[in-house]
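The values are calculated or read from the model by the stated rules, or taken from the named source; none is laboratory data. Predicted model only: the values in this text are computed from it and were never measured. Counting neighbours? That spans all protein chains shown, and the Cβs are built from the backbone with ideal geometry, glycine included. The area values use the complete protein model at the heavy-atom level, side chains included, leaving out ligands, DNA and RNA. Shrake-Rupley method; radii C 1.70, N 1.55, O 1.52, S 1.80 Å.
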Amino acid sequence: MGRADPEEGQLPAPVKPPDGGWGWIVLFGCFVITGFSYAFPKAVSVYFKELMKDFHVGYSDTAWISSIMLAMLYGTGPVCSIMVNQFGCRPVMLIGGLLASSGMILASFTTNIIELYLTAGVLTGLGMALNFQPSLIMLGTYFDKRRPLANGLAAAGSPVFLSSLSPLGQVLLEKFGWRGGFLIMGGLLLNCCTCGAVMRPLDMGMKRKMEKTQDKYEAKEMLPIGGKSEEGISTTDGTKKAKKAKKKPKKGKKLLDFSIFSNRGFIIYTISKFILVLGLFVPPILLVNYAKDTGVPDTEAAFLLSIIGFIDIFARPACGMVAGLKWVRPHVAYLFSFAMLFNGLTDICSARASNYTGLVIFCVFFGISYGMVGALQFEVLMAIVGSQKFSSAIGLVLLIEAFAVLIGPPSAGRLVDALKNYEVIFYLAGSEVVLSAVFLAMATYCCLNREKKTPPPEKTPSAGGGSDTEEAESDVQEGEEHSSDNHQPARSTDNAVVAASEEANHVEDEQSGEGGRCPEGDREVLAQAGCNADQTVERDSF
């Protein structure tokens, strides 16, 4: 139509994302939140030996602290989605930051391991969950064209914070003990409140102005010039307000949108992600023990994780840049499948690594593939469901992943204890990741591509799937098509009245054959736009 439609192309935000400006501050906040969410449960492991001495418990007992944190991060996804849909992202993140900080502060005063589970595990884990999910939602509303790059940069917070929080925790442990370290860590988590404060929602007034301007522009451009143009504009505005008034109560009542399960792409993504998580976290968890069993010294074995983290820092933003390319972004699901396939084959090929050099090579390739998976996982989900339903989608996906997290690594550990063989575990984990990659690629090609190739029915109003602007535009476009089809017969009728009555009668017969004769009172008005009886019915319904 000569002007960009703010809702055309199914943009994933209610207001057109600025792709910059304040969005860079939102991106930095999401970077910090992602770093705390993924790195903090692993960083607290430096305190486990001291906790074992003070509370007289075993390693498995203290390891439950990190497990509970991760379980809360994944398992409370639907609860977080409901809170975001009800109260918005910023209030939920502020509450989450306070909960995460208070959990670690209270943990510094605990006297037994059960109290640690409730404070550092449940309370801090819930607080980080209430920060992590809304930060991703806000990132999707501020970025559209640069969203793959933004997701890659935000995902880089995980390896950056992991490489910094672990050494910091060791220093705090040596100087202040585990209680002082927990207290200072709780203070650091207050930065989550700062990150939540900068998550400013986009101005909804901007959306209303853009929609009003767009409606008037379309009406002026599509309808004939004259007094009827203003009538068309007022009709379009009135219809628009009536549709909004009907739809607003429905949107307000939805706390968790389960209609996303009717989306084939979401079902495919959820199944593939569940299979992926079963084997994705197994190699880095068992890597250090695997290296020690092959005769690698403790310090060099621990350095292997640092190699993965260092490579991961650069792999995620680089993959985000590649995913943002014009010829790559429409096929981002296939790029995600390639990343998973790369990761799975890396696990399988490294199963026979028997020396330190082979393990270092494995860590390099695993860091690249692991970073690609981390950078693309939420970008693919945003592309499938859009930001309007992303808050509900990510909550349900994280809940399903929580079961996979609880099944995968513990099952691998039991197999190691039973078989005393790490090679089988790497083969199994790699096969699960490869299976998820093949399933995602094949299902996307067979199911989704065929659905896209099927041409949509012509001149049929959308049944609730499109936006209000798109519905109004399609209706006005139908009127324009009818007008263009009958414009020439109308002119010929006027000319025929002046020239010869036979030609006029012939044209009138054609009009009556197509849709019936126009009413006598409205013939003059409708003839200017070349309309017939069918158009009168359409405009009344519009």
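Solvent-accessible surface of protein heavy atoms, probed at 1.4 angstrom with all chains present, puts ASP417, ASP144, ASP61 in the order ASP417, ASP61, ASP144, largest first.
Taking each of LYS49/LYS175; LYS42/LYS389; LYS16/LYS145; LYS273/LYS389; LYS292/LYS420; LYS16/LYS389 in turn, the alpha-carbon distance tops 21 angstrom for LYS42/LYS389. Counting protein heavy atoms only, segment 16-221 has 68 percent of its accessible area on carbon and sulfur, 1.4 angstrom probe.
For LEU256, LEU118, the ranking by accessible surface with the largest value first comes to LEU118, LEU256, using a 1.4 Å probe. With one equal scatterer per alpha carbon and no solvent term, the Debye-computed log10 I(q)/I(0) for segment 340-420 at 0.13 1/Å reads -0.61.
Apolar share of the accessible surface for segment 257-451: 70 percent from carbon plus sulfur atoms, 1.4 Å probe. Of the three principal axes defined by the Cα atoms of segment 16-221, the extents in descending order read 79, 29, 23 Å.
Take the Cα atoms of segment 278-319, build their convex hull, and give its volume per residue in Å³.
Normalising the Cα hull of segment 278-319 by residue number yields 69 Å³.
In this structure segment 245-386 gives 47 Å² per residue of accessible area when probed at 1.4 Å with all protein chains present. The residues of segment 41-154 present an accessible area of 37 Å² per residue when probed at 1.4 Å with all protein chains retained. Length, then width, then depth: along the principal axes, the Cα atoms of segment 257-451 run 53, 35, 27 Å. About the centre of its Cα atoms, segment 16-221 shows a dipole size close to 560 debye [charges on the beta carbon of Lys, Arg (+1) and Asp, Glu (-1) only; nearest 20 debye].
Once C-alpha pairs closer than 8 Å and six or more residues apart are averaged by separation and normalised to the residue number of segment 257-451, the relative contact order reads 43 percent.
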